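First up is the structure itself, then whatever we jot down about it.
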Amino acid sequence: MRERVGKGDEQQIIKSEGPVITISREYGCPGKRIGKYLAEVISEKLKREEKTEEWKWLSKEIIEESARELKLTPSLVKDLSEYKNRSFFENLALFFSDTYYPSDAKINNTIANFIHTAASEGNVVIVGRAAEAITKNFKKSFHVKLMAPLEWRAEIISNTYGKTISEAKRECQEMDRRRFLFRSYFEKGVPDVEFYDACFNCKEMTDDEIVELMVIIAETRGFI
């Protein structure tokens, strides 16, 4: 995403800076855990080098801030956090309701604006919410996707939430579908894979290994 300054023929396009690292993930992969850990590792590294920059990580804060701006209710925030799409009849009911409800486009654009602002401020790890597409053109950016076989992810979900393996598989597939539909709004038909710089298999790699490689790449790119 680019910012425009100036008027008329003097208008120039400035590429946003960052630095920002985005983490997308298949459902069941530890995106939030790795995002938090990555921000802590980078901040600690900079502290040892006597640098003042501190990295933060964002996930649910994106939805919470967007919800406040849009004046959404907690139940609608939950739908957003789960990438839930409304049916035709739900949309129809909202149309005739006295309760304010913004359009899907307004919701998505509000989320995108929040992500863009946070990324522009720099020194941030953003988990989910199509952040890789929203910040792909940032000069200082690195985009990662966490993946794993369905069986492995289903076992994680089963153990975490007390579901059967069959239930967990269906939940993984449904959440992957919802996330794909959400990202599609921002990716505009461009193949999903084109937005990522690296993919990591969470079944075969530990959190430490994934974070260490991400830090090395960030160093190589001059982020830290």
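The values are calculated or read from the model by the stated rules, or taken from the named source; none is laboratory data. Not measured: the values here are computed from a predicted model. In this analysis, Cβ positions are derived from the backbone assuming ideal geometry, glycine residues included, and neighbour counts consider all displayed protein chains. Quick note on the areas: whole protein, heavy atoms, side chains included, nothing else; ligands and nucleic acids left out. Shrake-Rupley method; radii C 1.70, N 1.55, O 1.52, S 1.80 Å.
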Checklist entry - Got a number for the accessible area of Leu150? Probe 1.4 Å, square angstrom, nearest 10. => result 50 Å²
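Give the shape of the stretch 150-209 as rounded, prolate or oblate, defined through the alpha-carbon gyration tensor: a ≥ b ≥ c are the square roots of its eigenvalues, a/c under 1.5 means rounded, and otherwise the shape is prolate if a/b is larger than b/c and oblate if not. Present the calculation step by step, with values, prior to reporting the outcome.
Details: a/c = 3.30, a/b = 1.37, b/c = 2.40.
The shape class here is oblate.
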Item to check | Anisotropy class of the stretch 98-224 from Cα gyration tensor, a/c 1.5 cut | outcome: oblate
Checklist entry - Between Met147 and Glu69, how many nm apart are label points set 7 Å from Cα along the C-beta direction? => result 3.2 nm
Next on the checklist: Checking the table Lys47/Lys71; Lys71/Lys188; Lys60/Lys140 against a 29 Å threshold on Cα-Cα, which pairs fail?
Outcome noted: Lys47/Lys71
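If packing is taken as the average number of other Cβ atoms within 10 Å across a peptide's residues, how do 31-37, 205-211 rank, most packed first? Please list the in-between numbers first.
Values: 31-37: 18.7, 205-211: 14.6.
Those peptides, ordered most packed to least, come out 31-37, 205-211.
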